[in-house]
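Heads up: the structure comes next, in structure tokens.
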């Protein structure tokens, strides 16, 4: 892997949308939101759709690692579909990539926000201003809802920003591990 860029697939599962991001080192090369739910879809169809989406991305981009949000116990209890999705995504990742890491959302938010309150909107703002400015337009749409006092409405782009945040966090954590496992070659003493 020396000399090559590390590819990371970041997945943020949600019963309605799937937030996805592909990184080559810290460079964001693909980002997207896939709508999962439609009227009349069964759980089996939902699981199949999720497996197909994630499997296609793995086959196309051939990532070295997969990072995924670890849903809270409360979210898993309230959504049996989310539990099934996470189990299937992890199994698919372990079968095709071998290295799958899950991180709690709050830990990722705290890492990115550092001195600020670790909210989803602060994470979106930090990503759109400090990391990837081309995502600002998507942040602005979610910010409009927040400014109108509609903070309780599900913001469409939130799952995308959560996936990007996972990718940033995963890259920074994995980069530390890789540099420890693969130290740079010693300098010659000429």
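When you check residue 16 against the structure, is it farther than 30 Å from residue 130 by Cβ and modelled with pLDDT under 90, yes or no? It is false that residue 16 is farther than 30 Å from residue 130 by Cβ and modelled with pLDDT under 90. For segment 46-82, a residue qualifies if it is modelled with pLDDT under 90 and part of a loop (DSSP other than H, G, I, E, B), and the qualifying residues are 71, 72, 79.
Does segment 33-65 hold any residues that are in contact (Cβ under 8 Å) with a residue 60 or more places away in the chain and touching a helix residue (DSSP H, G or I) at 6+ places or on another chain (Cβ under 7 Å), and which are they?
Of segment 33-65, the ones in contact (Cβ under 8 Å) with a residue 60 or more places away in the chain are 33, 64-65.
Result: 33, 65.
Residue 85 falls short of the stated requirement of being within 15 Å of residue 102 (Cβ to Cβ) and part of a strand (DSSP E or B). Among the candidates 178, 174, the residue that is part of a helix (DSSP H, G or I), out of contact with any helix residue (DSSP H, G or I) (no Cβ under 6 Å at 6 or more places or on another chain), under 17 Å from residue 99 (Cα atoms) and modelled with pLDDT under 65 is uniquely 178. Can you say whether residue 112 is in contact with a helix residue (DSSP H, G or I) (Cβ under 6 Å, 6 or more places away or on another chain), without any contact (Cβ under 8 Å) to a residue 60 or more places away in the chain, assigned to a helix (DSSP H, G or I) and over 22 Å from residue 171 (Cα atoms), as far as the supplied structure shows? Criteria not met by residue 112.
Suppose the filter is part of a strand (DSSP E or B) and either surrounded by fewer than 18 Cβ atoms within 10 Å (Cβ to Cβ) or more than 14 Å from the chain's Cα centre (by Cα) (or both); does residue 32 pass it? Give the steps one after another, and end with the answer.
Details: part of a strand (DSSP E or B): yes; either surrounded by fewer than 18 Cβ atoms within 10 Å (Cβ to Cβ) or more than 14 Å from the chain's Cα centre (by Cα) (or both): yes.
Taking the combined requirement at face value, the residue satisfies it.
Among residues that are in contact with a helix residue (DSSP H, G or I) (Cβ under 8 Å, 6 or more places away or on another chain) and modelled with pLDDT under 90, residue 142 is included. When residue 83 is tested against (1) within 25 Å of residue 145 (Cβ to Cβ); (2) surrounded by 12 or more Cβ atoms within 10 Å (Cβ to Cβ), exactly one condition is not met: (1). Residue pairs whose Cβ atoms lie under 6 Å apart, sitting 6 or more positions apart in sequence or on different chains, and linking a residue in segment 126-139 that is within 16 Å of residue 21 (Cβ to Cβ) to a partner that is at pLDDT below 85 and not in a helix (DSSP H, G or I), are 138/157.
Identify, please: which residue in segment 1-22 is in a strand (DSSP E or B) and over 10 Å from the mean Cα position of the chain (by Cα) and is, among those, surrounded by the fewest Cβ atoms within 10 Å (Cβ to Cβ)? Break it down into steps so the answer makes sense when it comes.
To start, the set of residues in segment 1-22 that are in a strand (DSSP E or B) comprises 7-13, 17-22.
Of the ones still in play, those that are also over 10 Å from the mean Cα position of the chain (by Cα) are 7, 17.
Working: 7: 17, 17: 19.
Per the stated criteria, the residue is 7.
The values are calculated or read from the model by the stated rules, or taken from the named source; none is laboratory data. All values reported here derive from a predicted model rather than from experimental measurement. Note that we place each Cβ from the backbone using ideal geometry, even for glycine, and neighbour counts take in every protein chain shown.
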